[in-house]
1. Pull out the extension gain between residue 198 and residue 34, defined as 0.36 nm times the separation in residues minus the alpha carbon to alpha carbon distance; nm, one decimal.
2. Using only Cα atoms, figure out Rg for region 96-219 and give it as a multiple of 2.2 N^0.38 Å.
3. Neighbour counts of other C-beta atoms within 10 Å: give me 205, 170 arranged from fewest to most.
Amino acid sequence: MATSGISGSGTSGGATTTSASLTALSNNYELFLSILTTQIKNQDPLNPMDSSKYTEQLVQYSSVEQQIKTNDQLSDLLAVMAATTASSYVSYLGTNVTAAGNTTSLKDGEAKWTYDSPESGKARVEIRNSLGAVVFAEDADLSYGANIYTWDGRTTAGSSAPEGAYSISIARYDANNRPTVPVATEISGTVEGIEFTSSGAMLKIGGIYVSAASVLSVNRN
């Protein structure tokens, strides 16, 4: 099966922050020891320093250092978990998936959406381009249940729309003859690639990226 690459960006922000914190703590700790040593050398033998003061500070420094190291270990653990989760999405490559959504690609004069209508009846269909402008609209008769709506790429003006991403909205007419009842739509296609973003894994289907969380079914070719 032909697949494209897997893309994504990883950051080392957690490791960098931890390293910077440890460096700052180390510098402060060395400065504290230097001041403490100077104070001990120059203290009045007849009126010595209260040892509990600097002992308490030493304990605090030690506690902070341990906390930073613990956070560092947690960051490593989270990185391993993220890598494991990312690897699990690789199995999507080359599979046919159906996902909740209203955007698909117009290619070779055809774009398809699956809709699921709770009842048959007239509905208003509008198709928009990537800029959100309505390029095609019509009243269509919907059939009950899961069915496919196919658009041939012809615009309302009669011209051929360029290939690319288009979104659909379907609304059934209510009892007052107004298109106010939205109908759920789905898209289907072969997963060509995967991109990992801050919002989660995105699957590339026909040039369109959809969230892996929106996948409803997966089938092997």
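1. Taking residue 198 through residue 34 to full extension adds about 54.6 nm, to one decimal.
2. Against the empirical 2.2 N^0.38 Å value, I get 1.08 for region 96-219.
3. 170, 205
Quick note: the coordinates plus some simple rules give every number you see, no bench work behind them. Everything numeric here is computed off the predicted structure, so don't read it as measured data. Every residue, glycine as well, gets a Cβ built from its backbone with ideal geometry; the counts of neighbours run over all protein chains shown.
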